[in-house]
1. Out of curiosity, is Glu32 farther than 16 Å from Tyr118 by Cα and either in contact (Cβ under 8 Å) with a residue 60 or more places away in the chain or assigned to a loop (DSSP other than H, G, I, E, B) (or both)?
2. For the list (1) within 19 Å of Pro10 (Cβ to Cβ); (2) part of a helix (DSSP H, G or I); (3) within 18 Å of the chain's Cα centre (by Cα), I need the number of the one condition that Ile57 fails.
3. For region 66-89, how many residues meet the condition of being surrounded by 15 or more Cβ atoms within 10 Å (Cβ to Cβ) and assigned to a helix (DSSP H, G or I)?
4. With the condition being modelled with pLDDT under 75, I'd like the helices (runs of 4 or more DSSP H) fully within region 113-222 carrying at least 1 qualifying residues.
5. For Asp38, which of the numbered conditions (1) touching a residue at least 60 places away in the same chain (Cβ under 8 Å); (2) not in a loop (DSSP other than H, G, I, E, B) fails to hold?
Amino acid sequence: MLIAIVDDKPYLRQSLKEKLASIENDVTVIMEASDGTDFLKKMKAAQQKPDVVLMDIEMNELNGIETVQRAAPLYPSVKFIMLTVFDDDERIFNAIKAGAHGYLLKEETAQNIIDAIYQVHQDEGAPMSPGIARKAWKWLTAITAQPFSEKKSAATNTIEPLSEREKEILKFSMEGKEYAQIAEQLFLSKHTVRQHMKNIYSKLHVSSKIEALQISLKNKWI
């Protein structure tokens, strides 16, 4: 699997590479960038794009959240994980809204970071450090009190209610559990969990977990 590391501190990029290399895996770092502007320039020129990008938030030239906001629409097949020291609400939620697929603290173990990379690459949820997941859940609960856009309101008129199993799986997924963990907890196969998630998106006419959760909370399904 091909990854990129974006961080304005060379020693942190090197430290992360050493951390990833400390355990056996097939992750290969093919790109490094010193800030968002540097990353966008290198992505434009690169013949081979990374599968997953580990993105710092605080960078001088162009910060990580703004970079993801610009890059996500340009490279829809690329997954972005924010890897940062910050766990405050505003940065977390701005990163989610920008299109980040995961949010981890830099203090996470090498194994957890590797697991998160595989998780987003295989579309198996949105990996988050446990404390981050709890904050995201509270945020989603709070925003259900806000009105949807006209497009979202229209969509809610035609949505199909989720089954009890689908509600369970969606809630576990928001808590940061990957498909294999959900499958083990609910005594299902990994394939079955993945199919349930596809059905959830189809029923709710959404393309992301955040949208699915917002509609589910609005309707008090979970």
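1. Working: farther than 16 Å from Tyr118 by Cα: yes; either in contact (Cβ under 8 Å) with a residue 60 or more places away in the chain or assigned to a loop (DSSP other than H, G, I, E, B) (or both): no.
Against the criterion (farther than 16 Å from Tyr118 by Cα and either in contact (Cβ under 8 Å) with a residue 60 or more places away in the chain or assigned to a loop (DSSP other than H, G, I, E, B) (or both)), Glu32 does not qualify.
2. (2) is the only condition that Ile57 fails.
3. Number of matching residues: 7.
4. Values: elements: 130-143, 150-156, 164-174, 179-186, 190-204, 209-218.
So the answer is 130-143, 150-156, 164-174, 209-218.
5. Among (1) touching a residue at least 60 places away in the same chain (Cβ under 8 Å); (2) not in a loop (DSSP other than H, G, I, E, B), Asp38 violates only (1).
Residue-wise test of (1) open to solvent by 20 Å² or more (accessible area, probe 1.4 Å); (2) not aliphatic (A, V, I, L, M).
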{"site": "Ile30", "(1), (2)": "yes, no"}
{"site": "Asp35", "(1), (2)": "yes, yes"}
{"site": "Phe39", "(1), (2)": "no, yes"}
{"site": "Gln48", "(1), (2)": "yes, yes"}
{"site": "Gly64", "(1), (2)": "no, yes"}
{"site": "Arg91", "(1), (2)": "yes, yes"}
{"site": "Ala95", "(1), (2)": "no, no"}
{"site": "Glu107", "(1), (2)": "yes, yes"}
{"site": "Gln111", "(1), (2)": "yes, yes"}
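The values are calculated or read from the model by the stated rules, or taken from the named source; none is laboratory data. What you see is a predicted model; the values in this text were computed from it and never measured. Methodologically, a virtual Cβ is constructed for each residue, glycine included, from the backbone with ideal geometry; neighbour enumeration extends over all protein chains shown. In case anyone asks, the SASA skips ligands and DNA or RNA and just uses the protein heavy atoms, side chains included. Shrake-Rupley method; radii C 1.70, N 1.55, O 1.52, S 1.80 Å.
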